Amino acid sequence: MLHDYVVVPSLGVILDETRTVLTQPAVPRFTPEEVSRQLGAEATFLGAGAFGDTWKVGNEAVKIICADDPSLARLAREVEGLRRVSSPHVVAFHGPVTVQLGGKDRPGLRFEYIAGGDLEGRLSEGELLPVEHAEDFLRGLLTGVHALHKAATIHRDIKPANVVLRNGRWQEPVLLDLGLAKQIDWSTITIYPGHIGTFPYMAPEQLIGQRARKAADLWAIGVTVRHALTGSHPFYKINQKYTVDEAYSCLTQGPKPLPENCPKSVSVILDRLTSMVEHERGSVSSNLIRLSRGN
């Protein structure tokens, strides 16, 4: 039995490989002046996660990895995978960068900057995904993940905070924060069991410490779209304390109902994506085909 407690917060917490909670700092680890000097332009703090801080520098978003001992081999493989990804529904990767902060060299990743705020911010303000745009929104996320999987890369952390609407349009969702992205052939580097991702959007297999495969991204899309349509998490209560066993039990009870006017083409796909059984979620391609056919 697993007795570690996790909480479903309004902003997802990250679980590390020992199933402890990593709190996300509300302030940057370094000053804007320090970062600006290293990057050669004015830097504006965008947000902090368990593994690093993100800054806006010109037309780029730069994620500085702040983990104590980042694996350079792992980062090099990540960069190799990200270079192969090209889709309007995935934030464009511009390349790696190294900065000296806190007395040491720190690796970073440079991406295009997309203005407009993330989906999590929209949901927290009471905005919902309009049902008339649900199919396009779902198709956009699936298309983005298709590009990742085609490049042999798994996102592993799809959630509202990592989705932004290009030009403010629901029809143009873009996947952000590829800092947890993993090349599919990394089995010799990544150690399991362990949790890598954001707890409320983890697939059942991730929750119990199994390796995240392509199906985990499909699950996270399903949960994210359900959340966007209803305004609440489909499985968990916000700020509720769960053991990992209790959280898994919530998943077995099935998701909360979708809006009655949700298009059937969307609801059928969402039911597939949030299946407890990995192979029942299908592939990205099969779900895109089903969506186009309306079944």
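The values are calculated or read from the model by the stated rules, or taken from the named source; none is laboratory data. Remember, predicted model here, so these are calculated numbers, not experimental data. Every residue, glycine as well, gets a Cβ built from its backbone with ideal geometry; the counts of neighbours run over all protein chains shown.
Remarks
- Any hit, the stretch 234-248, residues being acidic (Asp, Glu), over 26 Å from residue 165 (Cβ atoms) and modelled with pLDDT under 95: yes
- Sole exception among (1) surrounded by 13 or more Cβ atoms within 10 Å (Cβ to Cβ); (2) under 25 Å from residue 164 (Cα atoms); (3) over 16 Å from the mean Cα position of the chain (by Cα); (4) at pLDDT below 75 for residue 9, by number: (3)
- Among the residues of the stretch 237-275, those identified as over 21 Å from residue 287 (Cβ atoms), surrounded by 14 or more Cβ atoms within 10 Å (Cβ to Cβ) and among the β-branched types (Val, Ile, Thr) are 243, 244.
- Sole residue being over 18 Å from the mean Cα position of the chain (by Cα) and in a loop (DSSP other than H, G, I, E, B), chosen from 132, 127: 127
- The stretch 36-80: number of residues that are over 18 Å from residue 91 (Cβ atoms), modelled with pLDDT of 90 or more and polar (S, T, N, Q): 2
- In the stretch 135-170, of all residues being charged (D, E, K, R) and more than 16 Å from the chain's Cα centre (by Cα), the one that is surrounded by the most Cβ atoms within 10 Å (Cβ to Cβ) corresponds to 139.
- Qualifying residue in the stretch 63-78 (condition: surrounded by fewer than 16 Cβ atoms within 10 Å (Cβ to Cβ), of a type in the set (S, T, N, Q), in contact (Cβ under 8 Å) with a residue 24 or more places away in the chain and in contact with a helix residue (DSSP H, G or I) (Cβ under 8 Å, 6 or more places away or on another chain)): no
- Checking each residue in the stretch 151-171 for being among the charged types (D, E, K, R) and without any contact (Cβ under 8 Å) to a residue 60 or more places away in the chain picks out only 169.
- Boolean, residue 222 is without any contact (Cβ under 8 Å) to a residue 60 or more places away in the chain and surrounded by 13 or more Cβ atoms within 10 Å (Cβ to Cβ): yes
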